[in-house]
Amino acid sequence: MPHNKNKIRKCLFPAAGYGTRFLPATKAIPKEMLPVLTKPLLQYGVEEALSAGMNNIAVVTGRGKRAIEDHFDISYELEHQIKGTSKDHYLAEIRDIIANCTFSYTRQMEMKGLGHAILSGEMLIGDEPFGVVLADDLCDNADGNSVLSQMAELYDKYGCSIVAVEEVPLDETYKYGVIAGENIEENVVRVSDMVEKPDPKDAPSNLAIIGRYILTPDIFDIIRETKPGKAGEIQITDALLAQAKQGNVIAYRFKGKRFDCGSVDGFVEATNYFYEKGYQL
Ligand code: G1P
């Protein structure tokens with residue numbers, strides 16, 4: 001079969017952060033493993049990547065994150081215990097993921113920001129476009145079409161980096177990367193400016209980046225040249241601004257719902273939402 005150069009196969013999951021907002025829960029458990037109902041946040045993200053055709057999963061982890069690798073591996077002991085019992089179906093989804101994805105891991109040795117975390121994944125990604133999912137932004141599908149698959153479709157058309165955005169109240173811009181630009185089609189903006197976590201008075205708009213990106217691989221060289229920015233960290237927003245100045249970044253107002261599971265409020269909201277949507281015990 002001819003290799004489709006444009007097809008995005010890989011998805012990077014930065015998962016090295018400490019999760020301090022969820023202490024003490026995150027003292028010995030990676031924050032990406034906190035469950036919404038019975039499923040860890042990271043598994044939702046991996047399922048979203050798979051739905052977009054990205055089945056090479058690359059995870060940037062750190063110290064104390066081994067539970068992530070164990071989760072995406074076969075547990076022979078458990079399989080043996082529940083095989084043929086009424087509990088067998090509990091493992092169906094994760095088995096399916098393990099059968100359909102490959103996983104690779106690398107560690108971010110120092111916490112120097114999201115841009116730095118993404119650069120740490122370079123060896124796992126190589127020279128091809130890739131998705132990025134920040135698992136604490138939990139997204140629900142719109143009409144069965146996940147946010148990442150909507151973005152992958154857009155990538156087929158534009159072939160450049162893409163950030164997912166949504167409108168936020170102006171007094172919340174300090175929590176996000178914020179973009180400005182010109183509409184080029186419905187829900188698609190050609191980005192001309194982006195600022196990491198601006199005060200409302202400095203925000204170029206109220207369109208905030210959420211944790212879904214498609215990046216072209218030239219981003220790695222750009223990150224290497226990017227100086228520390230907000231909070232003294234190497235910001236992906238700053239690296240993307242360099243691409244945007246070449247006209248090579250678009251922002252997409254996605255269809256669907258997104259929960260900020262990096263905050264307790266958002267986490268509870270997501271839990272209630274998914275429970276009410278029809279949780280099957
Ligand atoms: C990161 C990015 C920010 C983006 C946000 C989305 O910030 O730096 O630009 O808006 O993710 O969740 P963090 O939430 O990791 O501080």
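The values are calculated or read from the model by the stated rules, or taken from the named source; none is laboratory data. The model shown is predicted, which means the values in this text are computed figures rather than measured ones. Positions of Cβ are generated from backbone atoms using ideal geometry, with glycine treated the same way; all protein chains shown enter the neighbour counts. The accessibility values were calculated without ligands, DNA or RNA, using every heavy atom of the protein model including side chains. Shrake-Rupley method; radii C 1.70, N 1.55, O 1.52, S 1.80 Å.
For the reader, a short list of remarks on this structure follows.
Okay, residues lined up against (1) of a type outside the set (Asp, Glu); (2) in contact (Cβ under 8 Å) with a residue 60 or more places away in the chain:
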residue	(1), (2)
ILE223	yes, yes
GLU233	no, yes
ALA239	yes, yes
GLY278	yes, no
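- Where helices (runs of 4 or more DSSP H) fall entirely within the stretch 22-105, those with at least 2 residues that are without any contact (Cβ under 8 Å) to a residue 40 or more places away in the chain are at 66-71, 76-82, 92-100.
- Filter result for ILE68 (away from the ligand (no atom under 16 Å from the Cβ) and within 27 Å of GLU196 (Cβ to Cβ)): yes
- Pairing each residue of the stretch 127-148 that is within 12 Å of LEU50 (Cα to Cα) and of a type in the set (Val, Ile, Thr) with any residue that is within 16 Å of the ligand (Cβ to nearest atom) and open to solvent by 10 Å² or more (accessible area, probe 1.4 Å), provided the two are 6+ apart or on different chains, yields C-beta distances under 6 Å for VAL147/CYS139; VAL147/PHE254; VAL147/GLY256.
- Checking LEU148, LEU119 one by one, the residue that is within 15 Å of the ligand (Cβ to nearest atom) and touching an Asp or Glu at 6+ places or on another chain (Cβ under 7 Å) is LEU148 and no other.
- If you go through the stretch 187-209 and keep only what is farther than 14 Å from ALA244 by Cβ, among the basic types (Lys, Arg) and within 22 Å of the chain's Cα centre (by Cα), you end up with just LYS197.
- Checklist (1) touching a residue at least 12 places away in the same chain (Cβ under 8 Å); (2) within 25 Å of LEU23 (Cβ to Cβ); (3) part of a helix (DSSP H, G or I); (4) within 15 Å of the ligand (Cβ to nearest atom) applied to TYR273, failing item: (4)
- Among the residues of the stretch 1-15, none qualifies, meaning not one is over 30 Å from ASP156 (Cα atoms), over 15 Å from the mean Cα position of the chain (by Cα) and not in a helix (DSSP H, G or I).
- Subset tally (residues that are farther than 26 Å from MET111 by Cα and surrounded by 15 or more Cβ atoms within 10 Å (Cβ to Cβ)) for the stretch 49-81: 5
- Inspection of the stretch 218-233 finds no residue satisfying the criterion of being at pLDDT 95 or above, under 23 Å from SER149 (Cα atoms), within 10 Å of the ligand (Cβ to nearest atom) and open to solvent by less than 30 Å² (accessible area, probe 1.4 Å).
- Extreme residue, farthest from PRO169 (Cα to Cα), among residues of the stretch 192-201 that are in contact with a helix residue (DSSP H, G or I) (Cβ under 8 Å, 6 or more places away or on another chain) and either away from the ligand (no atom under 12 Å from the Cβ) or of a type in the set (D, E, K, R) (or both): SER192
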